[in-house]
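*Asks:* Pasting a structure here, questions to come.
The values are calculated or read from the model by the stated rules, or taken from the named source; none is laboratory data. Source: prediction; values computed, not measured. Quick reminder, even Gly has a Cβ in these numbers, built from the backbone with ideal geometry, and neighbours come from all protein chains shown. These accessible areas exclude ligands, DNA and RNA; they are computed on the full protein's heavy atoms, side chains included. Shrake-Rupley method; radii C 1.70, N 1.55, O 1.52, S 1.80 Å.
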Amino acid sequence: EPVVSLAEVLAENEELEKEARAVLGGSDHERCSYSQGAVKRQALYACSTCTPPGGEPAGICLACSYECHGTHRLFELYTKRNFRCDCGNSKFKNLQCKLLPEKGKVNSGNKYNDNFYGLYCTCKRPYPDPEDEIPDEMIQCIVCEDWFHGRHLGAVPPESGDFHEMVCQACMNHCHFLWAYASQLAVPPLTRVNSLEGEGVFLKVKESEEQKKEIKKESGVEHQEMKEEKQMEQFNEPSTSSGYCCKFLQKLPVETAKTTSGSSFCKLKELQSKPFLKKDTATFWPLNWRSKLCTCEECLKMYSELEVQFLTDECDTVLAYENKGTSDQETERRDPLMDTLNSMNRVQQVELICEYNDLKTELTDYLRRFADEGTVVKREDIQHFFEEFQSRKRQRTNRMQYYCS
């Protein structure tokens, strides 16, 4: 039989607990999340027992997965944004939610994909896939929130520690403005080339008539803007259009400042005015890259039209959700030994501490013999130890006394 050390077992268990705290810690395991409306981000599940393929897709919260679907076959969806629990609504023909029976028939704001049927990636396969013998990490797109095999992204994913989020090919086509940022922020950056040959091509975004008028109006200060941008190194700090404009206008002559006071600086326009590389691949982004996106009025309107307003919200990230869940659970976690001690009087506390120290010392000495001899500790060895320990404890009880001053 394979042999593992106690340290390895404890380390593996701690890692599993850490992952569970991260994914589940930000979700309530006792109360259905339906009353909260569309939750910003939560752990979700799909029940193939209640909503099998061919039926309407539905998602359930963590509490309902325990209370209402405990014996069912579930697909773990990890986390999804802006979702309201479907458990027991019209999509469930023969089930009523035990936690919140009174629910609306449907949640019109929810978005669904093939994940709710246990299918992922462009290949639409289950995970884990019993027919796929190629070991491959799956990565979640932060826009559509589908999961993709690394080999199906059109580009080799960087080392896992080098990037923080991924945007798949389809979502890069949907969020076309991200290509302009890719040369500055993507991992690895999309560097420029001297010709049109190769995998990518240069794109220069065609300006609309309104944009052309805007650029023409600001042409008198274009040279000055370029100098200011180089000095401020705008991509080294979060995007705050109004803050930038205030600093910018303070340095301009009065006449120039008046000319530009009616408009705000747009990082995206500046990037789109230059050639940039576009590929038919997914892109990978570092930590805090969202803070570098432009938040001028025009860009915010564009995000809203594309339904990707969340891209400017760093609290929307899975990492932020995991950190909050871990932090909340660490705060709530209490040491059972300390709880027991606090409920005792002083004599009982002294007795418990002495018993604990005796157990620790004797167990350490007992296990050290096995380590010195290079033999395996078996179940019967542990049982024998505790039987002897209990016997010695009964013998000591009659003659041990504690005095408190």
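*Asks:* For segment 1-15, what are the residues that are modelled with pLDDT of 75 or more and open to solvent by 70 Å² or more (accessible area, probe 1.4 Å)? Walk me through it before giving the result.
*Replies:* Initially, segment 1-15 is screened for residues modelled with pLDDT of 75 or more, giving 11-12, 14-15.
Answer for segment 1-15, where residues must be modelled with pLDDT of 75 or more and open to solvent by 70 Å² or more (accessible area, probe 1.4 Å): E12, E14, E15.
*Asks:* Any residue in segment 314-321 that is of a type outside the set (A, V, I, L, M, F, W, C), open to solvent by less than 50 Å² (accessible area, probe 1.4 Å), at pLDDT below 80 and touching a helix residue (DSSP H, G or I) at 6+ places or on another chain (Cβ under 9 Å)?
*Replies:* Just the residues of segment 314-321 that are of a type outside the set (A, V, I, L, M, F, W, C), to begin with: 314, 316-317, 321.
Subset that is open to solvent by less than 50 Å² (accessible area, probe 1.4 Å): 316-317, 321.
Checking which are at pLDDT below 80 leaves us with none.
No, because not a single residue in segment 314-321 is of a type outside the set (A, V, I, L, M, F, W, C), open to solvent by less than 50 Å² (accessible area, probe 1.4 Å), at pLDDT below 80 and touching a helix residue (DSSP H, G or I) at 6+ places or on another chain (Cβ under 9 Å).
*Asks:* Check whether at least one residue in segment 117-133 is acidic (D, E), modelled with pLDDT under 90, loosely packed, with under 15 Cβ neighbours inside 10 Å and more than 26 Å from the chain's Cα centre (by Cα), and report yes or no.
*Replies:* Within segment 117-133, the subset acidic (D, E) is 129, 131-133.
Remaining after also requiring modelled with pLDDT under 90: 133.
Right, trim to loosely packed, with under 15 Cβ neighbours inside 10 Å and you get 133.
Next, from what is left, pick out any that are more than 26 Å from the chain's Cα centre (by Cα): 133.
Yes, because at least one residue in segment 117-133 is acidic (D, E), modelled with pLDDT under 90, loosely packed, with under 15 Cβ neighbours inside 10 Å and more than 26 Å from the chain's Cα centre (by Cα).
*Asks:* Same structure, new question: Residue by residue through segment 37-51, note down the ones that are of a type outside the set (A, V, I, L, M, F, W, C), in contact (Cβ under 8 Å) with a residue 40 or more places away in the chain and either assigned to a strand (DSSP E or B) or surrounded by 14 or more Cβ atoms within 10 Å (Cβ to Cβ) (or both).
*Replies:* K40, R41, Q42, S48, T51, listed by residue number.
*Asks:* Can I ask one more? Could you count how many residues in segment 53-91 are over 23 Å from Y120 (Cα atoms) and part of a loop (DSSP other than H, G, I, E, B)?
*Replies:* Number satisfying all stated conditions: 6.
*Asks:* Restricting to segment 52-87, count the residues that are without any contact (Cβ under 8 Å) to a residue 40 or more places away in the chain, touching a helix residue (DSSP H, G or I) at 6+ places or on another chain (Cβ under 8 Å) and open to solvent by 10 Å² or more (accessible area, probe 1.4 Å).
*Replies:* Our first condition is that a residue be without any contact (Cβ under 8 Å) to a residue 40 or more places away in the chain; within segment 52-87, this holds for 52, 54-56, 60-74, 76-77, 86.
Filter once more, keeping what is touching a helix residue (DSSP H, G or I) at 6+ places or on another chain (Cβ under 8 Å): 61-63, 74, 77.
Adding the requirement that they be open to solvent by 10 Å² or more (accessible area, probe 1.4 Å) leaves 74.
Residues that pass the stated criteria total 1.
*Asks:* Against the definition (within 20 Å of N173 (Cβ to Cβ) and within 27 Å of the chain's Cα centre (by Cα)), how does N107 come out, yes or no?
*Replies:* Details: within 20 Å of N173 (Cβ to Cβ): no; within 27 Å of the chain's Cα centre (by Cα): yes.
Spelling it out, it is not the case that N107 is within 20 Å of N173 (Cβ to Cβ) and within 27 Å of the chain's Cα centre (by Cα).
*Asks:* Go through (1) open to solvent by less than 50 Å² (accessible area, probe 1.4 Å); (2) under 20 Å from the mean Cα position of the chain (by Cα); (3) outside the structural domain of R81 (by the TED database) one by one and return the number of the condition S160 breaks.
*Replies:* In the conditions (1) open to solvent by less than 50 Å² (accessible area, probe 1.4 Å); (2) under 20 Å from the mean Cα position of the chain (by Cα); (3) outside the structural domain of R81 (by the TED database), S160 misses (1) alone.
*Asks:* For segment 38-48, indicate whether the set of residues that are more than 30 Å from K378 (Cβ to Cβ) and over 21 Å from the mean Cα position of the chain (by Cα) is non-empty.
*Replies:* For segment 38-48, residues more than 30 Å from K378 (Cβ to Cβ) and over 21 Å from the mean Cα position of the chain (by Cα): present.
*Asks:* Do you know which residues across segment 281-309 are in contact (Cβ under 8 Å) with a residue 60 or more places away in the chain, open to solvent by 10 Å² or more (accessible area, probe 1.4 Å) and among the aliphatic types (A, V, I, L, M)?
*Replies:* L287, M302, L306
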